[in-house]
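A quick write-up on the structure given underneath.
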Amino acid sequence: MRIAVLSGKGGTGKTFVSVNLAYALGKAVYADCDVEEPNGRLFLKPKVCRTEEVCTMIPVNNAEKCTGCRRCADFCKFNALAYIRNKLLVFPELCHACKGCILICPEKALKEGKKPVGKIEYGMKKDIEVITGMMNTGEATGVPVIRRLLAELPSDRDVIIDCPPGSACTVMESIKDADFCVLVAEPTRFGLHNLDMVYKLVKLFNKPHALIVNKDMGDKLIVEEYCAQNKIKVLVSIPYDTELALANSKGFIAAEKYPCFRELFNMILDSIEKEVHYEAAGNFKR
């Protein structure tokens, strides 16, 4: 089974929840799809086995065949191609790799080239397989890296997907094949605003879901009212704890360091199992 963990903004506790769920599962896969800033490896500290480069397609022009008809440049709605001073220019930063320019070129002057956009790092932490996506600095989107990462996930293990923050294209790519979504939110007005964004996203994808309230300081009524109105199940409310925050800042895994958190995340996994649709529930075994 694939469990996606998402939140409306960074710093809510999404990686904290993801890492501890993976540790509680034991023999599992932790997939870090937060490719702009993958922090799960700082907690799990995996022994890296291999690294794989991720490339996307960019058109490469054969100047000898090009007649300057400009059909490719007119076709590209992202302005990744321009014909200037009898020369076809390609702007890789704007290319969306749709391959339309290659298909439309009457002289077959364009062919597929490769552009590195990131990498995937594979490692192990005890029985946990840690797969981390990393986007190259300056790239416009991490979707190609996430797509490649998810395609490489093993099918014989339960998977925890640590999604990017927010509700953009990278998050949609991360949850599209998930069996269950865990929403993480802080009990504040700003936290509620961000919760509303990701809740609408999982509803759009028709994904089973539930909420974990993090950093609860005794004022979670605003979130509880929203959940009651939208019939969102609250799995647990994790209180703000200075000792836990300090341990988290040092890169410790709470479920490994504190027996009470090991029990808490085991309880969360049991609740998720009960919430999943009966067809998927039979494939979820710890």
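The values are calculated or read from the model by the stated rules, or taken from the named source; none is laboratory data. Worth saying up front: this structure is predicted, and the values here are computed from it rather than measured. FYI the Cβ positions are ideal-geometry reconstructions off the backbone, even for glycines, and counts take in every protein chain you see. Side chains included, ligands, DNA and RNA excluded: accessible areas come from the protein's heavy atoms. Shrake-Rupley method; radii C 1.70, N 1.55, O 1.52, S 1.80 Å.
Restricting Gly68, Gly113 to those that are assigned to a loop (DSSP other than H, G, I, E, B) and out of contact with any helix residue (DSSP H, G or I) (no Cβ under 7 Å at 6 or more places or on another chain) reduces the list to Gly68.
Close Cβ contacts (under 6 Å, 6 or more residues apart or on different chains) running from residues in the range 112-129 that are touching a residue at least 12 places away in the same chain (Cβ under 8 Å) to residues that are open to solvent by 60 Å² or more (accessible area, probe 1.4 Å) and among the hydrophobic types (A, V, I, L, M, F, W, C) comprise Glu121/Val48; Tyr122/Cys49; Gly123/Val48; Gly123/Cys49. For the range 98-118, the criterion of a residue being surrounded by 12 or more Cβ atoms within 10 Å (Cβ to Cβ), out of contact with any Ser or Thr (no Cβ under 7 Å at 6 or more places or on another chain) and closer than 30 Å to Ala24 by Cβ is satisfied by at least one position. Across the range 208-267, the qualifying residues are those that are aromatic (Phe, Trp, Tyr) and free of Cβ contacts under 8 Å to residues at least 40 places away in the same chain, and the one among them that is farthest from Lys126 (Cα to Cα) is Tyr226. Sort through Glu186, Glu173 and tell me the only one that's crowded, with 21+ Cβ neighbours inside 10 Å, under 16 Å from the mean Cα position of the chain (by Cα) and of a type in the set (Asp, Glu). Step by step, each of Glu186, Glu173 is checked, and only Glu173 is crowded, with 21+ Cβ neighbours inside 10 Å, under 16 Å from the mean Cα position of the chain (by Cα) and of a type in the set (Asp, Glu). Looking at Gly218, Gly166, Gly251, just one residue is assigned to a loop (DSSP other than H, G, I, E, B), surrounded by fewer than 22 Cβ atoms within 10 Å (Cβ to Cβ) and more than 22 Å from the chain's Cα centre (by Cα), and that residue is Gly218.
The conditions are (1) hydrophobic (A, V, I, L, M, F, W, C); (2) more than 30 Å from Glu52 (Cβ to Cβ); (3) assigned to a helix (DSSP H, G or I), and Ala210 fails exactly one of them. Which is it? In the conditions (1) hydrophobic (A, V, I, L, M, F, W, C); (2) more than 30 Å from Glu52 (Cβ to Cβ); (3) assigned to a helix (DSSP H, G or I), Ala210 misses (3) alone. If you go through the range 71-97 and keep only what is open to solvent by 50 Å² or more (accessible area, probe 1.4 Å) and either in contact with a helix residue (DSSP H, G or I) (Cβ under 7 Å, 6 or more places away or on another chain) or assigned to a helix (DSSP H, G or I) (or both), you end up with Arg71, Asp74, Phe75, Phe78, Asn79, Glu93, Leu94.
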